[in-house]
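Asker: Quick one: the structure is below, and I'll ask about it shortly.
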Amino acid sequence: MKDTDFCRLGRAVLETEAAAITALLPRVDHDFATACRLLLDCQGRVVVIGMGKSGHVAGKLAATLASTGTPAFFVHPGEASHGDLGMITPGDVVIALSNSGETEEINQLLPLIKRLGNALVAITGNPDSTLAATASVHLNVAVDREACPLGLAPTASTTASLAMGDALAIALLDARGFTSEDFARSHPGGRLGRRLLLRIADLMHADDTTPRVSPDTPLAGALLEMTRKGLGMTAVCNAEGEVIGIFTDGDLRRALDEGVDVHETPIEAVMTPNPRLATQDQLAAEALALMERHSINALLVTDTHGRLTGALNMHDLLRAGVM
């Protein structure tokens, strides 16, 4: 088989699955809104069940719901028949995924779910199925054909189920007023969590580790301060501790090119006045954006009165995984 044949078949799969998702748009209707309200009003947790490939989609849906503000977990319907049904309590809402709507392991649970009084959201490709008829609300994810040329492997059908599940989860996210910080609290160990949770105060150099000099300090003295603190720059502050300038490695190169006397020239004469500043309660991601926008490698951190409280450079953000 030629490379062009592989590419042709791959594109055909994507086109089939894209069409399956597009076909769902008119089905995001009153039934979809009803399902959202059932999930939003749930007093317990959302229990998602599914077998086979639908089970994998169900597990992903449960994880997406849980990470976006809707407490949810996956229960294997086969295990539910052997004790795990006890994980479902009367206040829960059940989401059941089955392309045929006739999955035996799921359908044998239906009388027990009804007896508990749980609301049931069915996601199937068969509106006339047992599962669809039993459900409190049914979401139709039927597809014209699978992407598999044999018409056997679940492909377009699982993609449609996955997309409908995502639509539910994100609609609920918005309805709950779920924020990026809420999302980060569900992902504290990942890069996204670090980007969204870390604040400048968590990373900055503070107190005696912050380089600072007065405006009349000779350039040589400022260089010693920069060397001691190792941040490649120093703040220039007045007697009240307010930042009036910054002196960086770049400023040093420019000063040397101009032939200034490092022992006689006051730092005020060669500093960059009115530098970019940040406050310690800002997100570290905001500091990164500010540095990138203005092509700088360091920021001075001040309080609300402009007094120096710390310093931050690009290496600090890199070490923390914010970049």
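The values are calculated or read from the model by the stated rules, or taken from the named source; none is laboratory data. Worth saying up front: this structure is predicted, and the values here are computed from it rather than measured. Glycine gets a Cβ as well: all are built from the backbone with ideal geometry, and neighbour counts include every protein chain shown. The accessibility values were calculated without ligands, DNA or RNA, using every heavy atom of the protein model including side chains. Shrake-Rupley method; radii C 1.70, N 1.55, O 1.52, S 1.80 Å.
Asker: What fraction of the DSSP beta bridges in the chain is antiparallel, stated in percent and rounded to the nearest 5? The partial results should precede the final answer.
Answerer: Values: 17 of 41 bridges.
Bridges in the chain are about 40 percent antiparallel.
Asker: Sticking with this structure for a sec: Report ³J(HN,Hα) in whole Hz for each residue of segment 169-177, in order, from the Karplus equation J = 6.51 cos²θ - 1.76 cosθ + 1.60 where θ = phi - 60°; Gly and Pro get x.
Answerer: Calculated HN-Hα couplings, in order: 4, 6, 4, 5, 3, 5, 5, 7, x Hz.
Asker: Taking the solvent-accessible surface of protein heavy atoms with a 1.4 Å probe, what is the per residue accessible area of the chain in Å²? Intermediate values should be presented prior to the final figure.
Answerer: Values: 16440 Å² over 323 residues.
In whole numbers, the chain has 51 Å² accessible per residue.
Asker: Just flag the GluC sites (Glu not before Pro) in segment 226-313 sitting in loop per DSSP whose Cβ has no more than 14 other Cβ atoms within 10 Å.
Answerer: GLU240, GLU258, GLU264
Asker: Please list the non-local residues whose amide H lies under 5 Å from the amide H of LEU139, H modeled 1.01 Å from N, same-chain partners needing a gap of 5 or more.
Answerer: It is ALA122, ILE123, THR124, by chain and number.
Asker: Using a 1.4 angstrom probe with every protein chain in place, what is the largest-first accessible-area order of ARG145, ARG176?
Answerer: Details: ARG145 150, ARG176 90 Å².
Correct descending sequence by accessible area is ARG145, ARG176.
Asker: Next question. Would you list THR234, THR22, THR309 from the most to the least accessible area, probe 1.4 Å?
Answerer: Working: THR234 0, THR22 85, THR309 40 Å².
Listed by decreasing accessible area, they come as THR22, THR309, THR234.
Asker: If you don't mind, another one. Straight-line reach from LYS229: which lysines have Cα under 18 Å away, leaving out those fewer than 8 places along the same chain?
Answerer: Output for LYS229: empty list, no partners.
Asker: To continue, here is another question. Add +1 for every Lys or Arg and -1 for every Asp or Glu among the other residues with Cβ under 11 Å from the Cβ of ALA169, and state the total. If you can, show how the numbers build up before the last one.
Answerer: Details: positive: LYS60, ARG176; negative: ASP166, ASP174.
Taking every Cβ under 11 Å from that of ALA169, the sum is 0.
Asker: Additional query: From the protein chains alone at 1.4 Å, what is the descending order of accessible area for GLU146, GLU15, largest first? Before the final figure, lay out each step's value.
Answerer: Numbers: GLU146 30, GLU15 125 Å².
Heavy-atom accessible area, descending, gives GLU15, GLU146.
Asker: Go ahead and set up a Gaussian network model of the chain, Cα springs under 10 Å, then flag whichever of LEU97, LEU173, LEU219 fluctuates most.
Answerer: LEU219
Asker: With Rg/Rh (Cα atoms, Kirkwood Rh) in mind, check (1) 0.93; (2) 1.24; (3) 1.02 and report the label derived from this structure.
Answerer: Only one listed value fits the structure, namely (2).
Asker: While we're looking at this one, here's another question. For the chain, which whole-number percentage of the solvent-accessible area (1.4 Å probe, protein heavy atoms only) is attributable to carbon and sulfur atoms? Could the numbers behind the result be given before it?
Answerer: Working: 8870 of 16440 Å².
Ligands and nucleic acids excluded, carbon and sulfur give 54 percent.
Asker: Tell me, what HN-Hα J-couplings in whole Hz come from the Karplus equation 6.51 cos²θ - 1.76 cosθ + 1.60 at θ = phi - 60° for each residue of segment 124-129, using x for Gly and Pro?
Answerer: 9, x, 9, x, 9, 7
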